[in-house]
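This report refers to the structure that appears directly beneath it.
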Amino acid sequence: MKVINLKSDLFPVLQKERSKGRKIGLVPTMGALHNGHLSLVNASIKEADTTVCSIFINPTQFNNQEDFENYPETFEEDLNKLKQEGCDIVYVPPREDLYENENDRITDFSFGEFGRVLEGKYRPGHFGGVALVVSKLFNIISPDLTYFGQKDLQQFHLIRHLIEDLSYNIQIRCVPTVREKDGLALSSRNLRIPEELRPLASTFYKCLITGRDMLKNGQSISDVKNKVKEVFANSPDLKLEYFEIIDTGNFKIIKQIRNENKTSLCIAGYLNNIRLIDNVNYI
Ligand code: AMP
């Protein structure tokens, strides 16, 4: 496995791969890798010929400085995991390799209504930062395929749109969420959950499952929302930011389910000061 820091060193390596007709798969991450990330890497290994995993804690996508400063770093373990999984290339740029002229930057993204709901609403600037760094990675690496997790459903759809809107010649894949036994979605931020609060963390997933069951049993969306609000209100360590049922096609919040195949339940909130998100499809 090659570990490469500079894009100038990455270019010739990728050019050589491409000249052999090899398809390149890209898995962008912010490190602190867990089995969720590794399932993306694995999906790429299975489908692409050369798998590149990038590790970069992207400063422009953090709307909260404290979250950025506390973001876990487990670099040596990350490399071991990637090597074991069979990743070919790890790109770990220093900040200057991606943001050389950050003070001069004038480019900004806007995503219309899509950028004003759910994560877009509660994390202003976040998607702009994600789109910026992912565009940079796409331009540097020119992958044929790229892999994103369903765990960050809105992010997946953002990148799907970005690829279409900017005519990137890249195929995107959505990889199912990997969970702990109690349902908690794996996340790098889980490393910050104190042990005594860990059992509460599965509340997010449980609310999604209970909510989905209630809907399937004919209860209304507003009944379900009230139930979830009640669960969160009963625990001082939990704070609900949103629980919404959306049309996965356009990310509009819905009040009635019309197309079951295109319906997802999304939740976000805080366990103490740790922000967690999750979602499940209706079907
Ligand atoms: P991050 O390092 O948090 O930016 O995540 C990098 C990629 O891993 C994103 O595409 C995430 O959606 C994906 N990912 C994070 N957690 C999981 C999980 N539990 N299961 C599957 N994919 C995940």
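Every number here is computed from the coordinates shown, using simple stated rules; none is lab data. Nothing here was measured: the structure is a model prediction, and the numbers come from that model. Glycine also receives a Cβ, built like all others from the backbone with ideal geometry; neighbour counts cover every protein chain displayed.
Figures for the structure shown
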| item | result |
| --- | --- |
| Straight-distance crosslink candidates among lysines, where the alpha carbon sits under 18 Å from LYS229 and sequence neighbours closer than 8 are dropped | LYS206, LYS239, LYS255 |
| Under Karplus coefficients 6.51, -1.76 and 1.60, residue-wise ³J(HN,Hα) of segment 273-282 in Hz, glycine/proline x | 9, 9, 8, 10, 10, 6, 7, 9, 6, 5 |
| Placed amide H near THR146: partners under 5 Å, 5+ positions off or other chain | LEU26, GLN171, ILE172, ARG173 |
| Cα gyration tensor shape for segment 107-162, rounded if a/c is under 1.5, else prolate or oblate | oblate |
| At 1.002 mPa s and 20 °C, Stokes diffusion of segment 125-205 via Kirkwood alpha-carbon radius, µm² per second | 148 µm²/s |
| Simple spin-label estimate for LYS16 and ASN273 in nanometres, 7 Å along Cα-Cβ | 4.6 nm |
| Subset of LYS20/LYS81; LYS81/LYS121; LYS7/LYS46; LYS81/LYS151; LYS46/LYS81 violating a 23 Å alpha-carbon distance limit | LYS20/LYS81; LYS81/LYS121; LYS7/LYS46 |
| Inter-site label distance for GLU102 and ALA233 at 7 Å from Cα along Cβ, in nm | 4.2 nm |
| Environment charge of THR50, counting only residues whose C-beta is closer than 13 Å and scoring Lys/Arg +1, Asp/Glu -1 | +2 |
| Theoretical FRET efficiency, 1/(1+(r/R0)^6), r = Cβ-Cβ of ASP9 and ASP223, R0 35 Å, to 0.05 | 0.05 |
| Relative contact order, percent, segment 210-283 [alpha-carbon distance under 8 Å, six or more residues apart] | 26 percent |
| Global form of segment 3-59, assessed from the alpha-carbon gyration tensor, a/c cut-off 1.5 | oblate |
| Inter-centroid distance (Cα atoms) of segment 131-174 relative to segment 1-49, Å | 14 Å |
| Label zone at HIS161 (point 7 Å along Cα-to-Cβ), backbone N below 16 Å, segment 253-275 | 253-254 |
| Intensity falloff of segment 187-283 expressed as log10 I(q)/I(0), Debye formula with alpha-carbon point scatterers, at q = 0.12, 0.16 Å⁻¹ | -0.38, -0.65 |
| Rg/Rh ratio calculated on Cα atoms of segment 53-198 (Kirkwood radius) | 0.95 |
| Radius ratio Rg over Rh of the chain, counting only Cα atoms, Kirkwood formula for Rh | 0.97 |
| Reachable aspartates and glutamates, given that their alpha-carbon falls under 18 Å from the alpha-carbon of LYS83 and they are not under 8 places away in the same chain | GLU47, ASP49, GLU73 |
| Peptides 124-137, 212-225, 54-67 ordered by average Cβ neighbours within 10 Å, highest first | 124-137, 54-67, 212-225 |
| ³J(HN,Hα) computed for each position of segment 184-201 - Karplus, 6.51 cos²θ - 1.76 cosθ + 1.60, integer Hz, glycine/proline x | 4, 5, 4, 7, 4, 5, 4, 4, 8, 6, x, 3, 5, 9, 3, x, 5, 5 |
| Karplus 3J(HN,Hα) series, Hz, for segment 135-143 with 6.51 cos²θ - 1.76 cosθ + 1.60 (x for Gly, Pro) | 4, 4, 5, 4, 5, 6, 9, 6, x |
